[in-house]
1. State the number of residues belonging to segment 170-216 that are in contact with a strand residue (DSSP E or B) (Cβ under 9 Å, 6 or more places away or on another chain) and on the phi > 0 side of the Ramachandran plot.
2. Counting just the residues of segment 49-67 that are touching a strand residue (DSSP E or B) at 6+ places or on another chain (Cβ under 6 Å) and outside any strand (DSSP E or B), which one comes out nearest to residue 36 (Cα to Cα)?
3. Across segment 39-70, what is the number of residues that are modelled with pLDDT under 90 and surrounded by 15 or more Cβ atoms within 10 Å (Cβ to Cβ)?
4. What do you reckon, is residue 15 closer than 20 Å to residue 141 by Cα and free of Cβ contacts under 8 Å to residues at least 40 places away in the same chain?
5. Name the residues in segment 96-126 that are farther than 23 Å from residue 173 by Cα, buried (at least 18 other Cβ atoms within 10 Å of the Cβ) and out of contact with any helix residue (DSSP H, G or I) (no Cβ under 6 Å at 6 or more places or on another chain), would you?
6. Only one of (1) under 27 Å from residue 227 (Cα atoms); (2) in a helix (DSSP H, G or I); (3) free of Cβ contacts under 8 Å to residues at least 24 places away in the same chain fails for residue 110. Which number is that?
7. Restricting attention to segment 76-90, which residues are in a loop (DSSP other than H, G, I, E, B) and either touching a strand residue (DSSP E or B) at 6+ places or on another chain (Cβ under 6 Å) or modelled with pLDDT under 95 (or both)?
8. Based on what the data block shows, is residue 93 at pLDDT 95 or above and either surrounded by fewer than 24 Cβ atoms within 10 Å (Cβ to Cβ) or under 25 Å from residue 162 (Cα atoms) (or both)?
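The values are calculated or read from the model by the stated rules, or taken from the named source; none is laboratory data. These numbers come from a predicted model, not from an experiment. Neighbour counts run over all protein chains shown; Cβ positions are idealised from the backbone, glycine included.
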């Protein structure tokens with residue numbers, strides 16, 4: 001498949017987990033991927049990894065703090081200028097600051113909302129104008145089943161991810177007439193740094209609740225993102241694709 005040859009994609013939070021897997025997946029299909037993260041040293045090995053995998057496309061790394069509203073628009077404009085286009089935006093950057101709601105500080109709540117939700121708005125606003133001008137674009141947001149069903153100890157995270165779902169549907173309605181789609185992928189328990197911190201006890205409690213009886217892999221989420229970003233998904237808009245092994249059923 002070479003659906004992404006000559007396409008340019010931005011992936012936020014591209015240094016690890018789902019973002020890293022998505023960057024490699026898009027590059028494998030021919031895209032020029034700009035993988036960004038707050039800490040550039042975490043991105044250093046990505047271009048070589050893409051080359052080792054003999055990807056049709058390539059990965060270029062850039063530093064970006066997705067909470068820095070003053071810099072995002074120019075950063076995105078520079079990408080579109082440097083590469084001549086911007087076709088795909090994957091809003092993946094996210095954090096957790098878990099705690100019971102009665103003990104959660106204002107800072108813990110605000111930090112998660114700013115990184116997980118506000119950044120999606122900022123990046124989408126900056127990228128949309130380039131896609132609308134080209135009358136083609138794919139925006140794929142990473143939400144979570146926590147945003148669909150809630151999760152104790154994650155009021156801030158669940159609220160941010162529920163907000164991403166509402167934002168996704170609104171953007172999908174606004175931009176569709178210009179050939180731009182907006183969808184989201186909602187992962188369940190995926191083997192990433194976020195779930196690696198869970199105790200073995202918690203993992204053993206969760207696993208039986210998943211019909212497939214296992215945690216997912218970042219590559220499995222990346223495959224869903226890559227599909228929604230492809231020309232093949234041109235008639236899919238405003239949808240939330242759940243990738244959770246059946247947990248949410």
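1. Qualifying residue count for the region: 1.
2. Among them, the one singled out is 64.
3. Within segment 39-70, residues that are modelled with pLDDT under 90 and surrounded by 15 or more Cβ atoms within 10 Å (Cβ to Cβ) number 1.
4. Details: closer than 20 Å to residue 141 by Cα: yes; free of Cβ contacts under 8 Å to residues at least 40 places away in the same chain: yes.
Against the criterion (closer than 20 Å to residue 141 by Cα and free of Cβ contacts under 8 Å to residues at least 40 places away in the same chain), residue 15 qualifies.
5. Across segment 96-126, the qualifying residue is only 115.
6. Only one criterion in (1) under 27 Å from residue 227 (Cα atoms); (2) in a helix (DSSP H, G or I); (3) free of Cβ contacts under 8 Å to residues at least 24 places away in the same chain is unmet by residue 110, namely (1).
7. From segment 76-90, those in a loop (DSSP other than H, G, I, E, B) are 84-87; that's our starting set.
Within segment 76-90, 85, 86, 87 meet the criteria.
8. Working: at pLDDT 95 or above: yes; either surrounded by fewer than 24 Cβ atoms within 10 Å (Cβ to Cβ) or under 25 Å from residue 162 (Cα atoms) (or both): yes.
Against the criterion (at pLDDT 95 or above and either surrounded by fewer than 24 Cβ atoms within 10 Å (Cβ to Cβ) or under 25 Å from residue 162 (Cα atoms) (or both)), residue 93 qualifies.
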